[in-house]
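Structure, as structure tokens:
No value in this document is a laboratory result; all are computed from the given coordinates. Treat the numbers as computed from the prediction; the structure is a model and nothing was measured. We place every Cβ from the backbone using ideal geometry, glycine too, and count neighbours over all the protein chains shown.
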Amino acid sequence: MKLVFATGNLNKMREIREIMSGLDFDICSMKEAGIDLDIDENAETFEGNALIKARAVRNALDASGSEELKKAVVLADDSGLEIDALGGAPGVYSARFMGEDTGYDIKNAEIIKRLSGKTGKQRAARFRCVIAAVFPDGRELTASGCFEGVIANAPGGENGFGYDPILFLPEYGMTAAQLSSEEKNKISHRGKALFEMRKLLETTC
Ligand code: IMP
């Protein structure tokens, strides 16, 4: 069976291929399936946005004219940073926080400023990822994963992207940006959600 992942991100494609390896799926990206869509992710939850993306790609595959793609299962993900002291913000607005084009050095400095005076557990935060699967018969599944930490007092580390320099991982004594990408993929929110989805697909398909 074909599995189409609703992303154009090559790192995400590599990760899904690794985690789903050994399952009887022929995995391809949205682009490889010939789908080019601009999807409005306007839900208030990660789950809602992941489902919006997966359903949109599923509908496009139905309209594609390819018998193979009409039978494909579609996966989509949505993720972001949740900060308890900010009521879960930036959450689903993580990419849009302070404007899509604003640099993460500025976004990260602003978050650290907003948490000034907070200590210990008051700085609790996590990356969360939800993966949605939509089947050709309309069935839907979701799986989620978290990467728990606290907001650092200052950014640290050069690896990763986005909010990685400010998510300090007490268990590892470093920020997510100080982990190598291999280390991060093994323990990240997306890795956990994909692994959870693999288990669901194994029992469902
Ligand atoms: P997406 O759903 O993977 O596109 O992620 C949305 C936004 O969440 C990104 O643009 C980042 O701002 C943030 N984000 C998600 N995952 C991570 C991560 O692993 N590190 C840093 N930022 C992340």
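Using a 7 Å offset from Cα along Cα-Cβ at A43, what residues in the range 71-101 end up with backbone N under 11 Å from the label point?
Only 76-79 pass the distance filter.
Apply the Karplus curve 6.51 cos²θ - 1.76 cosθ + 1.60, θ = phi - 60°, to the phi angles in the range 88-104 and return the couplings in whole Hz, x for Gly and Pro.
My calculation for the range 88-104 gives x, 6, x, x, 5, 9, 3, 6, 8, 3, 6, x, 4, 8, 6, x, 5 Hz in order.
Rounded to the nearest 0.05, what FRET efficiency do E158 and L23 have when you use their Cβ-Cβ distance and R0 = 25 Å? It would help to have the intermediate numbers written out before the result.
Values: r = 34 Å, r/R0 = 1.38.
Taking R0 as 25 Å, the efficiency between E158 and L23 is 0.15.
For the range 43-100, restrict the atom set to alpha-carbon positions and state the Rg and Dmax in Å.
15.3, 49
Distance check, please: which entries in K12/K53; K2/K192; K31/K107; K53/K192; K12/K121 exceed 24 angstrom between their Cα atoms?
K31/K107; K12/K121
Cα atoms only, the range 66-159: Rg and Dmax in Å?
In Å, with Rg to one decimal and Dmax whole: 17.5, 59.
Give the calculated FRET efficiency between I187 and L10 to the nearest 0.05, with a Förster radius of 30 Å applied to their Cβ-Cβ distance. Display every interim value, and only then the final one.
Values: r = 21 Å, r/R0 = 0.69.
Calculated value: 0.90.
Please report, in whole Å³, the volume per residue of the convex hull around the C-alpha atoms of the range 1-136.
Values: hull volume 16.6 nm³, N = 136.
Taking the convex hull of the Cα positions in the range 1-136, it is 122 Å³ per residue.
Using the Karplus equation 6.51 cos²θ - 1.76 cosθ + 1.60 (θ = phi - 60°), what ³J(HN,Hα) coupling, rounded to whole Hz, does each residue of the range 123-137 give in order, writing x for Gly and Pro?
My calculation for the range 123-137 gives 9, 4, 7, 7, 8, 10, 9, 10, 10, 10, 10, 10, 8, x, 8 Hz in order.
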